[in-house]
2 protein chains.
Amino acid sequence: MKKTLISNGIFISNKEAKSSIKGCMVIEGSQITYIGEEIPEPIENYDEVIDGTNKLYMPGLVNTHGHAAMSLLRGYGDDLALQIWLEEKMWPMEAKFTSQDVKWGTRLSILEMIKGGTTTFVDMYDHMNEVAMAVEDSGMRGVLTRGVIGLCPPDVQTSKLKEAMEFAKNWHGQANGRITTMMSPHAPYTCPPDYIERIVQAAHDLDLPIHTHMSETRREVEGNVEQYGARPVAHLEKLGVFSRPTLVAHGVHLTDEEIAILKQYDVRVSHNPGSNLKLASGVARLPELLRAGVKVSLGTDSAASNNNLDMFEEMRLAALIHKGVTGDPLAIPAQEALLLGTRMGAESIWLDKVGLLEPGMKADFIALDIDQPHFLPKTDFVSHIVYSACAKDVVDVCVDGSWIVHKGECLTLDEEKIKREFELCFDRLKG
Amino acid sequence: MKKTLISNGIFISNKEAKSSIKGCMVIEGSQITYIGEEIPEPIENYDEVIDGTNKLYMPGLVNTHGHAAMSLLRGYGDDLALQIWLEEKMWPMEAKFTSQDVKWGTRLSILEMIKGGTTTFVDMYDHMNEVAMAVEDSGMRGVLTRGVIGLCPPDVQTSKLKEAMEFAKNWHGQANGRITTMMSPHAPYTCPPDYIERIVQAAHDLDLPIHTHMSETRREVEGNVEQYGARPVAHLEKLGVFSRPTLVAHGVHLTDEEIAILKQYDVRVSHNPGSNLKLASGVARLPELLRAGVKVSLGTDSAASNNNLDMFEEMRLAALIHKGVTGDPLAIPAQEALLLGTRMGAESIWLDKVGLLEPGMKADFIALDIDQPHFLPKTDFVSHIVYSACAKDVVDVCVDGSWIVHKGECLTLDEEKIKREFELCFDRLKG
């Protein structure tokens, strides 16, 4: 098994708050086997020795909600009211998406994500075989799910569900375990109750978690009450969704009682601050969720509502907005924001061996070039990561013990080809 | 006079909303003399011809409030309550600052700013000769002012004012006009009324504008009412501050009546969203200020409360926060955020020839590398600048017709020496 030593680096292990280790890390195969101040074995015992001088090593970022193929709609109809944006811009374009569009849109997003330090992402979309193949080729980690919308005739509902189950079954555990899967009713407002119940049953049958959008806008919550006589949390609880391990995206409009229910069922919440701000959905009650002990993580949502896939920005927004809005400068400290973007992200999607740098964990980590003005002085590197860094500071990326980005270049995908094919897809779509 | 042609580029001129020009731009000496689709003269007439393929050219960013030397305090005591942060962290360190600290702290910030596309900045600090010399050496544009705090004996007040006047007189118009100056009472809560009146008189005598902090926190506004029986706007109005052209920083806590007074006197407001969020000061009423016709621009404030000096981030925050907080997805469109960071910034500090790419304007512009995933598809470049770009996308920077950054490297300052000296300063300061 290949044995790699990284020496002379600064390491943020996430194990102890606010601490960084000046020293070295050893990777054997796909695992971290040592992290500490001293080199544990003679140099000649290693197959690869890397000089980590001027580099900051940290766990790879975990993006717990998105639709990668929608990079094809980046900047396509911004600054519009939500319904006009959806009905006149997003949906007509998405209706035209073929598997080729999903292929190249997803590959472009994966390029952006891995070069920017994201080592794991959650994706909910259509034509998911293309997404799974892109994850396999890229070397990154993906938690994938065919999102189903149930506003269609019963036979179409049935065939979508069958497709979602087949995808989930076929790809779960593939790519050396880098791919896992979930089942996804798109949202309470796009799936009739009986269809949600069938999806829950399928998740039970396959023993998989559920991922869904929930309580993103005030209007959605009001609509749910009008249509079903209950707010989304009670509605999904009643339909048995929370009887499965569940990750909900957004959770912007929640009452105290709803937060208590989420905690009771250990439902995980993917907080998407950039998307929620851009679409004017509101500001989620992140401090209250955390105080209640709900497991929260961060997602970019798609590039159509963000508009980049920079997880450093999501950590920074999580740390900044809630201070400004609550008036409490201690609302979300840098250390907490960093955990939201790494370890809590991994735990939220049931990846227990990801998100920490310590022996026994998967070797999913990234290196930042800290020989730059905005990383000085060498005071508090957790603060610098959250308040000062960006995707473009990432130079090296390792997932499952394999390097997938080196010196800012992607080693696994053909960047030029992806950009070219992506532009051809967009030109065809815009017609 | 040197004549430069940039061809095959995409240009955001700021002249017409949402429009980009695919074509070329000509620079003669310090001015732009042409922008358009066709090359106006035979190639052999140019001293320099630059291929702008895959580059997006836009006006340089204008940062209208900051304290550059405070980069020495980046990450030094984050996530603390405001008074503890100020009293136990910032002030004791700042009290130790020598002119050497200001020299190297400022130079590090200038490096970060120019490499990140900021071509003009406002600086209010002490030891301002060092700041002016740094601006002169860097090639960037600076609007500089010795900020005076009046909580000291009368003779110290007098000597500070004299020093501020001498600095303002000596440096106004220097460095080929790249440096202009202002007079600055630090804030209504740090300067007694009679001292503010003396500073206003000095600004009249020197015919210079005034820059001050105002209405940053709720507590400051309440304190002003307690101490002087008036909110800060009425207080400064009464002291004659607004009889001079004035730029105030922050303006977070303003009533409708106060906004009307600012409009009446044409007082300009530097909106500092990142700093206001991080220090939990609140969210300024930017949409209302703009609707009232107040001239607003963007500032980073210092790296101690931001923690970087990335003006793309301030444009993005301005575009995002107000949507999320007001619930209106049209609150601050990308086009408006871009103007806040460029043309309105320049107008706010009385630089009428900066902030647009058109004939007759100063050649202050930057180039972004758009051959990257997060700039695709080639839809709306204004949207991509505001919602997707970051400081590190900047590759070339030109100020006053001279290149100061090329391919991401600073041409005017010695980066390695600055980083080294900066670290020595920090090591000495932290003791």
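Output the residue which, of all residues in segment A:15-31 that are assigned to a loop (DSSP other than H, G, I, E, B) and farther than 13 Å from A:Asp364 by Cα, is modelled with the lowest pLDDT.
A:Lys18
Among the residues of segment B:56-64, are any touching a strand residue (DSSP E or B) at 6+ places or on another chain (Cβ under 7 Å), aromatic (Phe, Trp, Tyr) and within 24 Å of B:Phe121 (Cβ to Cβ)?
Of all residues in segment B:56-64, those touching a strand residue (DSSP E or B) at 6+ places or on another chain (Cβ under 7 Å) come to B:56-64.
Then drop every residue that is not aromatic (Phe, Trp, Tyr), which leaves B:57.
Of the ones still in play, those that are also within 24 Å of B:Phe121 (Cβ to Cβ) are B:57.
There is at least one residue in segment B:56-64 that is touching a strand residue (DSSP E or B) at 6+ places or on another chain (Cβ under 7 Å), aromatic (Phe, Trp, Tyr) and within 24 Å of B:Phe121 (Cβ to Cβ).
If you scan segment A:272-286, which residues turn out to be part of a helix (DSSP H, G or I) and within 12 Å of chain B (Cβ to nearest Cβ)?
Listed by number, the residues that qualify are A:Pro273, A:Gly274, A:Ser275, A:Asn276, A:Leu277, A:Lys278.
Have a look at B:Leu351, B:Leu340, B:Leu368 and point out the one that is closer than 26 Å to B:Thr64 by Cβ, open to solvent by 20 Å² or more (accessible area, probe 1.4 Å) and touching a helix residue (DSSP H, G or I) at 6+ places or on another chain (Cβ under 9 Å).
Unique residue meeting the criteria: B:Leu351.
Report, ordered by the first and then the second residue, all pairs with beta carbons closer than 6 Å, sequence separation of six or more or different chains, a first member in segment B:168-194 that is within 15 Å of B:Val143 (Cα to Cα) and open to solvent by 30 Å² or more (accessible area, probe 1.4 Å), and a second member that is polar (S, T, N, Q) and part of a strand (DSSP E or B).
Qualifying pairs under 6 Å: B:Trp171/B:Thr181; B:His172/B:Thr180; B:His172/B:Thr181.
Just to be sure before I move on: is B:Val269 away from chain A (no Cβ under 14 Å), of a type in the set (A, V, I, L, M) and over 30 Å from A:Asn308 (Cα atoms) in the structure I sent?
Numbers: away from chain A (no Cβ under 14 Å): yes; of a type in the set (A, V, I, L, M): yes; over 30 Å from A:Asn308 (Cα atoms): no.
Considered against the rule, which asks whether it is away from chain A (no Cβ under 14 Å), of a type in the set (A, V, I, L, M) and over 30 Å from A:Asn308 (Cα atoms), B:Val269 comes out as no.
Testing A:Gly29 on (1) more than 28 Å from A:Thr379 (Cβ to Cβ); (2) touching a strand residue (DSSP E or B) at 6+ places or on another chain (Cβ under 6 Å); (3) open to solvent by less than 30 Å² (accessible area, probe 1.4 Å), one condition comes back false. Which one is that?
Going through (1) more than 28 Å from A:Thr379 (Cβ to Cβ); (2) touching a strand residue (DSSP E or B) at 6+ places or on another chain (Cβ under 6 Å); (3) open to solvent by less than 30 Å² (accessible area, probe 1.4 Å) one by one, A:Gly29 breaks only (2).
What number of residues within segment A:115-164 are touching a Ser or Thr at 6+ places or on another chain (Cβ under 8 Å), among the acidic types (Asp, Glu) and either assigned by TED's automatic domain parsing to the domain that holds A:Ala391 or in a helix (DSSP H, G or I) (or both)?
2
Quick check: anything in segment A:82-92 closer than 30 Å to B:Leu330 by Cα and either of a type in the set (Asp, Glu) or outside any helix (DSSP H, G or I) (or both)?
yes
Could you please find all residues in segment B:91-108 being open to solvent by 50 Å² or more (accessible area, probe 1.4 Å) and β-branched (Val, Ile, Thr)?
Passing the criteria: only B:Thr98.
Report the residue count in segment B:308-321 for those that are at the interface with another protein chain (Cβ under 7 Å from one of its Cβ atoms) and under 17 Å from A:Gly282 (Cα atoms).
Adding up the residues that qualify gives 2.
Of (1) open to solvent by 10 Å² or more (accessible area, probe 1.4 Å); (2) touching a residue at least 24 places away in the same chain (Cβ under 8 Å), A:Asn308 satisfies all except one. Which?
Unmet condition: (1).
Okay, residues lined up against (1) small (Gly, Ala, Ser); (2) closer than 24 Å to B:Ala391 by Cβ:
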position	(1), (2)
B:Ile12	no, yes
B:Val26	no, no
B:Ser30	yes, no
B:Thr33	no, no
B:Glu44	no, no
B:Val49	no, no
B:Lys55	no, yes
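Only one of B:Thr255, B:Thr300 is of a type in the set (Ser, Thr, Tyr) and either within 11 Å of another protein chain (Cβ to nearest Cβ) or buried (at least 24 other Cβ atoms within 10 Å of the Cβ) (or both). Can you tell me which?
Numbers: B:Thr255 fails: either within 11 Å of another protein chain (Cβ to nearest Cβ) or buried (at least 24 other Cβ atoms within 10 Å of the Cβ) (or both).
None of the other options fit; the residue is B:Thr300.
So, in segment A:376-392, exactly how many residues are open to solvent by less than 10 Å² (accessible area, probe 1.4 Å) and farther than 18 Å from A:Ala337 by Cα?
Residues meeting the conditions: 2.
When the residues of segment A:287-297 are narrowed to those that are more than 14 Å from chain B (Cβ to nearest Cβ) and assigned to a helix (DSSP H, G or I), which ends up nearest to A:Glu336 (Cα to Cα)?
Per the criteria, the residue is A:Leu290.
Taking the options B:Val325, B:Val397, name whichever one is within 23 Å of B:Ser71 (Cα to Cα) and among the aliphatic types (A, V, I, L, M).
Result of the check over B:Val325, B:Val397: B:Val397.
Here are some residues: B:Tyr34, B:Tyr57. Which one is more than 24 Å from the chain's Cα centre (by Cα), away from chain A (no Cβ under 14 Å) and either in a strand (DSSP E or B) or buried (at least 21 other Cβ atoms within 10 Å of the Cβ) (or both)? Let's see the steps before the verdict.
Working: B:Tyr57 fails: more than 24 Å from the chain's Cα centre (by Cα).
None of the others qualify; the one that does is B:Tyr34.
Can you tell me which residues in segment A:154-164 are over 30 Å from A:Ile404 (Cα atoms) and crowded, with 17+ Cβ neighbours inside 10 Å?
If the condition is that a residue be over 30 Å from A:Ile404 (Cα atoms) and crowded, with 17+ Cβ neighbours inside 10 Å, then A:Gln157, A:Lys160, A:Leu161 are the ones that fit.
Within segment A:282-297, which residues are closer than 20 Å to A:Thr246 by Cβ and either free of Cβ contacts under 8 Å to residues at least 60 places away in the same chain or open to solvent by 10 Å² or more (accessible area, probe 1.4 Å) (or both)?
A:Ala284, A:Arg285, A:Leu286, A:Glu288, A:Leu289, A:Leu290, A:Ala292, A:Gly293, A:Val294, A:Lys295, A:Val296 - these are the residues of segment A:282-297 that are closer than 20 Å to A:Thr246 by Cβ and either free of Cβ contacts under 8 Å to residues at least 60 places away in the same chain or open to solvent by 10 Å² or more (accessible area, probe 1.4 Å) (or both).
The values are calculated or read from the model by the stated rules, or taken from the named source; none is laboratory data. Quick caveat, the model's predicted, so the values are computed rather than measured. FYI the Cβ positions are ideal-geometry reconstructions off the backbone, even for glycines, and counts take in every protein chain you see. We work out accessible area using only protein heavy atoms, side chains counted, and drop any ligands, DNA or RNA first. Shrake-Rupley method; radii C 1.70, N 1.55, O 1.52, S 1.80 Å.
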